[in-house]
Amino acid sequence: MVKVYYESDMNVNALEGKTIAIVGYGSQGHAHALNLRDSGFNVIIGLREGHSWDLAEKDGFQVFSVHEACFKADVIMMLLPDEKQRNVFENEIRQHLTSGKSLAFAHGFNIHFQQIKPPVDVDVFLVAPKGPGHLVRRTFETGAGVPALFAVHQDHTGSARDIALTYAKGIGSARAGVLETNFKEETETDLFGEQAVLCGGVTSLVKAGYETLVEAGYQPELAYFETMHELKLIVDLMYEGGLTGMRQSISDTAEWGDFVSGPRVIDAGTKERMKDILRDIQDGRFAQEWIQENENDRFNYQKIKSQEQSHSIEEVGERLRKMMPFVQNRSK
Ligand code: NDP
Ligand code: MG
Ligand code: MG
């Protein structure tokens with residue numbers, strides 16, 4: 001069984017007197033920076049000039065170039081998009097990563113797939129919240145936290161583990177539970193989860209259900225409610241009480257339909273294909289293709305993105321959500 005650490009287990013303050021540079025101020029960056037500052041730590045931000053820079057200054061941070069922030073910092077947290085980290089690391093960070101400093105990540109991709117090879121005389125760890133940055137901030141503000149994984153890749157100082165745990169506590173995750181893992185496990189399970197279930201699996205399931213109803217002549221608005229809008233209500237019940245808890249809240253008719261039709265949608269063939277996806281992640285093929293796609297200026301990525309954005313479920317959904325003022329788009 002995995003060991004879970006909570007605030008009460010943590011008598012550590014391995015970040016006392018240290019300066020933490022948060023590099024990047026996007027989804028994760030803003031949440032880590034604000035939570036760590038509220039927890040009493042000394043936080044500065046490393047960025048290029050632009051939207052995020054203005055935002056971080058507006059939030060009251062001292063913002064520097066990535067160079068300067070990493071020069072000043074003891075702990076450098078890499079919160080740039082994964083595919084940009086390698087270049088920024090080589091050009092703006094490596095030279096400031098002097099002996100005894102820490103290099104931290106929120107996802108193991110670049111270390112595990114050896115895109116970044118840090119010097120041997122620094123600590124390298126990850127603290128990966130299991131939720132989007134906006135939730136990491138929002139739950140912290142309510143006194144709670146988003147659970148996180150942590151892992152140590154290099155422990156030069158002998159304190160890497162304590163620093164990682166202190167960091168996890170600082171962003172509020174120890175209020176919910178911090179689980180120990182390694183870079184390989186975090187990277188592979190994270191990629192698999194987002195591809196097969198959380199993002200890829202769910203968006204494809206929703207679209208297929210919506211298209212089936214619309215192609216059969218039902219009104220798109222009803223199809224939207226049945227296949228997208230209500231999903232949140234069901235997922236909330238699963239989040240609170242597991243599959244059993246969710247099934248207690250739905251009608252027996254819905255539950256019987258779940259039992260007999262669910263396995264017709266997701267069958268043994270689906271699981272075989274999930275295993276293929278996992279294999280592509282484990283053997284590095286997915287990572288290689290994504291790195292290549294970025295080197296080709298994201299030609300396919302942009303093409304698919306614009307096709308997805310013009311799907312009719314998006315047009316119908318935008319219209320319907322405007323009629324539901326209680327539905328807020330809080331990721332903007
Ligand atoms: P975002 O895309 O939200 O933010 C990226 C930030 O990096 C922006 O502030 C952007 O600033 C800045 N940036 C981009 N390029 C540069 C550059 N060349 N120099 C300086 N700053 C730059 O990233 P995420 O928060 O989504 O991801 C960060 C890390 O967190 C990744 O490792 C990801 O895997 C991990 N993670 C993300 C989760 C999530 O929910 N999003 C969940 C758990 C982990 P600008 O405004 O200038 O573009
Ligand atoms: Mg991920
Ligand atoms: Mg119903």
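The values are calculated or read from the model by the stated rules, or taken from the named source; none is laboratory data. Since the model is a prediction, treat every value here as computed from it, not as a measurement. Every residue, glycine as well, gets a Cβ built from its backbone with ideal geometry; the counts of neighbours run over all protein chains shown. What goes into the accessible areas is simple: the full protein's heavy atoms, side chains included, and nothing from ligands, DNA or RNA. Shrake-Rupley method; radii C 1.70, N 1.55, O 1.52, S 1.80 Å.
The figures follow:
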item: On Cα atoms only, tilt of 252-265 relative to the major axis of the chain in degrees; result: 70
item: Gyration tensor verdict on the stretch 197-332 (Cα atoms; rounded if a/c is under 1.5, prolate if a/b is larger than b/c, oblate otherwise); result: oblate
item: Rounded to the nearest 10 Å², the accessible area of Arg161 at probe 1.4 Å; result: 80
item: Point-charge dipole on Cβ atoms (K/R +1, D/E -1) for the stretch 203-332, about Cα centre, debye to 20; result: 280
item: Given charges at beta-carbon only (K, R positive; D, E negative), |dipole| of the chain in Debye; result: 420
item: Percentage, to the nearest whole number, of Cα pairs in the stretch 168-262 over 15 Å apart; result: 75
item: Accessible-area order (highest first, 1.4 angstrom probe) of the listed residues Val4, Val23; result: Val4, Val23
item: Per-bin percent of Cα-Cα distances, the chain [20 Å]; result: 26, 56, 18, 0
item: Rounded to the nearest 10 Å², the accessible area of Tyr6 at probe 1.4 Å; result: 100
item: Accessible-area ranking of Lys207, Lys3, largest first, probe 1.4 Å; result: Lys3, Lys207
item: Residue among Ser52, Ser27, Ser261 with the largest mean-square fluctuation in a Gaussian network model of the chain, springs linking Cα atoms under 10 Å; result: Ser261
item: Shape call, the stretch 290-332: gyration tensor on alpha carbons, a/c limit 1.5; result: oblate
item: For the chain: accessible area per residue (Å², 1.4 Å); result: 56
item: Per-residue SASA entry for Val75, accessible area with 1.4 Å probe, Å² rounded to 10; result: 0
item: Where Cys199, Cys70 fall by accessible area, highest first, once all protein chains stay in place (1.4 Å); result: Cys199, Cys70
item: More than 15 angstrom apart: percent of Cα pairs within the stretch 85-180; result: 61
item: Dimensions (Å) - the stretch 2-64, Cα atoms, principal axes, largest first; result: 41, 27, 15
item: Cα-Cα P(r), the stretch 259-328, percent of pairs per 10 Å interval; result: 16, 20, 32, 28, 4
item: Spin-label model distance (nm) - Glu90 vs Glu308, 7 Å beyond Cα toward Cβ; result: 2.8
item: The chain - mean residue ellipticity at 222 nm from DSSP helices (-39,500 (n - 2.57) per run, n ≥ 4, rounded to 500); result: -15500 deg cm²/dmol
item: Percent carbon-and-sulfur accessible area, the chain, ignoring ligands, DNA and RNA, probe 1.4 Å; result: 53
